[in-house]
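Participant: The structure under discussion is supplied below as structure tokens; questions concerning it will follow.
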Amino acid sequence: MDDVLSVLRQAALFEGLSQQELQAIAALCQVRTFRSGEIITTQGEHGDELYVVSQGFVEVTLMNSAGGGEPRTVVQLGPGQIVGEMSLVDRGPRSATVRSLTDGALLHALKRDAFLQLCQTDTHLGYLVMRNMAADLSFKLRHRMLTGR
């Protein structure tokens, strides 16, 4: 559990959480291992969990809105970074495809229903995570507007 705790401490999404709150989240996480090139999430499909990268690297890609052509790499993420966080707040389709860039990429999966149940039990934890998520999404939207991407 110490490994997942150290990774959760690095993640901006969990900033401000106490040791006890981090332990509660860690207890809900499931370890997933991926090979190089293996798809973790697929754009447009249903998603009900977020992933915290613990070891290795993943690549986030987007298909253009018309659906043709090659996918465009948006970002590469490593330990302590998170993908799939929007699945915690909505039941919409995945906004991007994520694949492993390294053999043995280790991710911790957190299911939406288990997380929301924890938030109902510990509203302080839920508030902090949702506040951090709102700040991150706001930053991404502002960046997109400023850069035109």
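Each reported figure results from applying straightforward, stated rules to the coordinates on display, with no laboratory input. The shown structure was predicted, so the numbers you read here are calculated from the model rather than taken from an experiment. With ideal geometry, Cβ positions are generated from the backbone for all residues, glycine too; neighbour counts draw on all protein chains shown.
Participant: Can you report the number of residues in the range 81-92 which are in contact (Cβ under 8 Å) with a residue 40 or more places away in the chain and over 14 Å from the mean Cα position of the chain (by Cα)?
Facilitator: Counting residues in the range 81-92 that are in contact (Cβ under 8 Å) with a residue 40 or more places away in the chain and over 14 Å from the mean Cα position of the chain (by Cα) gives 1.
Participant: Applying the selection to the range 1-55, what residues are of a type in the set (A, V, I, L, M) and either without any contact (Cβ under 8 Å) to a residue 12 or more places away in the chain or over 24 Å from Val74 (Cα atoms) (or both)?
Facilitator: Met1, Val4, Leu5, Leu17, Leu22, Ala24, Ile25, Ala26, Ala27, Leu28, Val31
Participant: Restricting to the range 35-60, name every residue that is out of contact with any Leu (no Cβ under 7 Å at 6 or more places or on another chain) and over 17 Å from Glu85 (Cβ atoms).
Facilitator: Arg35, Gly37, Glu38, Ile39, Gly44
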